[in-house]
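Beneath this line is the structure, given in structure tokens, with notes to follow.
Nothing in this text is a laboratory measurement; each read-out follows from the coordinates by a stated rule. Please read these numbers as outputs of a predicted model, since none were measured by experiment. Glycine also receives a Cβ, built like all others from the backbone with ideal geometry; neighbour counts cover every protein chain displayed.
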Amino acid sequence: MLNCLNRSLRLKIGNISDDKQPGSEFQLLNIHLVHGEGDETWKDRDASLKKVQDGNNLSAKGVSLYGPAPPDDSGREAWLDVDLHDNELIKIADTKIQLDELFSVHQPKGTTIVCGDTNYRISKLNREQVLEYIRNEQYAELLAFEQLTNSKLLQNIFCGFTEGKINFGPTYKMRAVGVYDEKRLPAYTDRILFASQMDLKQNVYNCHLMDGSDHVPVYSEFTVDVDQVDEPILAQLKYKFHQYYNNVIEKMELIDIEPKVINLKTCLEMPETVTFKIHNVCEEELVYHITGGDSGLFKRTDTTLAMQMGVLAPKESKTVTMQLDPPNQSISTPLQRPSLVLVWLSYLTNNTLTSSRPLTSY
């Protein structure tokens, strides 16, 4: 059985949602590969890394735990799929907003750190030869016989990953502090490798001699500069964007009304029924709401509307009926004066109030 992965941890710094400002992503993979001495288990450990890779999307791009590294597309700018109708593009052509900048998406900067018990061993040397290299602190020479180092040189595993200089002895198998088990060949089983699109600097890579385990713990320290979000400036930019957005919406005729002006021939004492047509000229669904009954220039006229609320599909038209009733009069008057009725048509896109326009009736 391949015991491949203990835990994967991700965190993001400086992100404003994934599709706007993804920020810097850090991924920590803690692995435990298949154990066993001898070259016959070497390929099993490589296969363990393939299983880890298949189950995890690496934050660092252009790297691979097993096999050739894929192309690094982290520097390529991505784009949102925005489908604007020609009519909409024409109406917002004179705006100051650069649409290309609004719809571009920044690719995240990723870092992946792999650590844990890799279980890779030393080949082609006996125990006494390994101990001789250790006593002479010839660690670089000893690593020439180490399985992970050689598989990485052949680009079979950890392609695009970096490992700091190993300036310490094998970390397994210990019987006591500084004393290796007589029945096992010392090995560099515990490792830390990393890959990053950021300016990541490894300050420390070492082991800590201590009791409590047959492994010597390995540790590392990194320094990296990341972009963080300035919240006050972000708030200002959001406010400015909404101003630009509202300016664009105000210039867009999303809905058309026929007739533009309703001429009432009725006198004050007579009811009137009029109709007008609303037409959705854009490529998305609109929700509309019509309200009426405002004061006239001379006397109040009560307005009754049929179908006050509704939905207009793209390019759809609907006819609205409006009943104008004269107010109750306690004293009749011979004056036959026209009235002014203000009817407001509000419409929404994506559940957001887009605009409110008056229908003026004489």
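Structure values in brief
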read-out: Where labels lie 7 Å past Cα in the beta-carbon direction, separation of residue 275 and residue 179 in nm; value: 10.2
read-out: Least to most buried among 121, 135, 175 (fewest other Cβ within 10 Å first); value: 135, 175, 121
read-out: Neighbour-count order for 174, 309, fewest beta carbons within 10 angstrom listed first; value: 309, 174
read-out: Of 109/238; 109/201; 12/61; 51/165; 50/152, those spanning more than 25 Å from alpha-carbon to alpha-carbon; value: 51/165
read-out: In order through the stretch 239-245: 3J(HN,Hα) via Karplus (6.51 cos²θ - 1.76 cosθ + 1.60), integer Hz, x for Gly, Pro; value: 4, 5, 5, 4, 4, 4, 4
read-out: Nearest-0.05 FRET efficiency for residue 12 and residue 309, computed from C-beta distance (R0 35 Å); value: 0.25
read-out: Per-residue Cβ neighbour rank within 10 angstrom, fewest leading, 158, 168, 276; value: 168, 276, 158
read-out: Long-range amide H partners of residue 222 with built H, under 5 Å; value: 203
